[in-house]
Amino acid sequence: MAEEHKTDYHAGLVAALKTKYDDQYDFMETIKEMILGEKPPRLDAVVLKKDPEQHLADEIGCFFLEHNVFEFKGYGDGISINDVYKIEGYALFYMTIDRKVNEIPLEAVTITVLQYRFPRDILKKLETKGCTVKQRGEGIFEIAGGPIIFPFQIIDAVILGEEWDVLKVLVPGATEEQIIKIQEEYDQAEDDLLKQHLADVLKTAYESNEALFEKMKEEGRMGEKFDQIFEKQIQEVADKEKEKTIENMLKDNVKAASITKWTGASLEKIAEVATRLGMSTITL
């Protein structure tokens, strides 16, 4: 059987559009199969409510439907109107890519943006776009109308209550009281999975608040179990700092023997870093 011929409709489409626009107007350009970004789109998190009839009482979860898209913004970062469009686009991808028609209805999706600053600028911008803004609670804003497709909430995590300390410690500005509280929750947790999740929260908190953790460690405010959580984390940070030092010394043409003396790194490690930097040889 002869191989079935596959028509390249995209090439024909682009050619037809070029004849109508590019070939007639200097200010027009048609691009074939444009790639949208260097990386595939990814959602920061999706919280699934597997039983739609169940209602959550907490101030964030009470907003949830079956599929709840989360976008996380780092300390001090806000969102722009472009971010709003992008998040909605990603949510539409989530609904439709590799799924049956209407497998996830539009009415089953929400979007939550978690940030650590008051969202004044974006709320004003959305209002100019015809959106309505409703403050549902302290630091929690519901957005509807205008270009908003899904139920959309923006949360200023800084001013949430202490029951949300597990979110607050993820960024710079955590307090000793918050860290100790989560440490105690970790110590008291009997479920291994919960214990691992709390450990991961503490590891992120450490990366964002390293000076505070070191101060607490020096003052003996961390238990033996807590030290075990961070033994590997602290070593990883130390290794990264050492590698950065080796990189800088290699770039300054420092001899390998001197790098070993100052950092304690082996010649094999120095050669590994040099190779990563694209250096073919190192000076002994």
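Within the bounds of the stretch 96-107, is there any residue that is buried (at least 17 other Cβ atoms within 10 Å of the Cβ) and either assigned to a helix (DSSP H, G or I) or of a type outside the set (A, V, I, L, M) (or both)? No.
Look at GLU29 and say whether it is touching an Asp or Glu at 6+ places or on another chain (Cβ under 9 Å) and modelled with pLDDT of 90 or more. Answer is no for this residue. For the stretch 80-90, state whether one or more residues are farther than 22 Å from ASP156 by Cβ, outside the structural domain of THR204 (by TED's automatic domain parsing) and of a type in the set (Gly, Ala, Ser). There is at least one residue in the stretch 80-90 that is farther than 22 Å from ASP156 by Cβ, outside the structural domain of THR204 (by TED's automatic domain parsing) and of a type in the set (Gly, Ala, Ser).
Of everything in the stretch 111-128, what is surrounded by fewer than 14 Cβ atoms within 10 Å (Cβ to Cβ) and either in contact (Cβ under 8 Å) with a residue 12 or more places away in the chain or in contact with a Ser or Thr (Cβ under 8 Å, 6 or more places away or on another chain) (or both)? Give them in sequence order.
ASP121 - this is the single residue of the stretch 111-128 that is surrounded by fewer than 14 Cβ atoms within 10 Å (Cβ to Cβ) and either in contact (Cβ under 8 Å) with a residue 12 or more places away in the chain or in contact with a Ser or Thr (Cβ under 8 Å, 6 or more places away or on another chain) (or both).
Once the stretch 163-220 is narrowed to residues that are of a type in the set (Gly, Ala, Ser) and over 25 Å from ALA57 (Cα atoms), the residue that is surrounded by the most Cβ atoms within 10 Å (Cβ to Cβ) is ALA205. The residues in the stretch 138-162 that are over 20 Å from LYS86 (Cα atoms) and surrounded by 18 or more Cβ atoms within 10 Å (Cβ to Cβ) can be counted, and the count is 4.
Only one of these is more than 30 Å from LEU106 (Cα to Cα), part of a helix (DSSP H, G or I) and not polar (S, T, N, Q): LYS124, LYS217. Name it. Steps first, answer last, please.
Numbers: LYS124 fails: more than 30 Å from LEU106 (Cα to Cα).
Sole residue among the options that is more than 30 Å from LEU106 (Cα to Cα), part of a helix (DSSP H, G or I) and not polar (S, T, N, Q): LYS217.
In this structure, ILE179 does satisfy being over 30 Å from GLU107 (Cα atoms) and either modelled with pLDDT of 85 or more or in a helix (DSSP H, G or I) (or both). Answer yes if at least one residue in the stretch 207-214 is farther than 17 Å from GLY78 by Cα, in a strand (DSSP E or B) and not charged (D, E, K, R), and no otherwise. No.
Scoring ILE81 on the criteria (1) touching a helix residue (DSSP H, G or I) at 6+ places or on another chain (Cβ under 6 Å); (2) at pLDDT below 90; (3) β-branched (Val, Ile, Thr) leaves a single failure, condition (2).
The values are calculated or read from the model by the stated rules, or taken from the named source; none is laboratory data. In this text, all values refer to a predicted model and were calculated from it rather than measured experimentally. With ideal geometry, Cβ positions are generated from the backbone for all residues, glycine too; neighbour counts draw on all protein chains shown.
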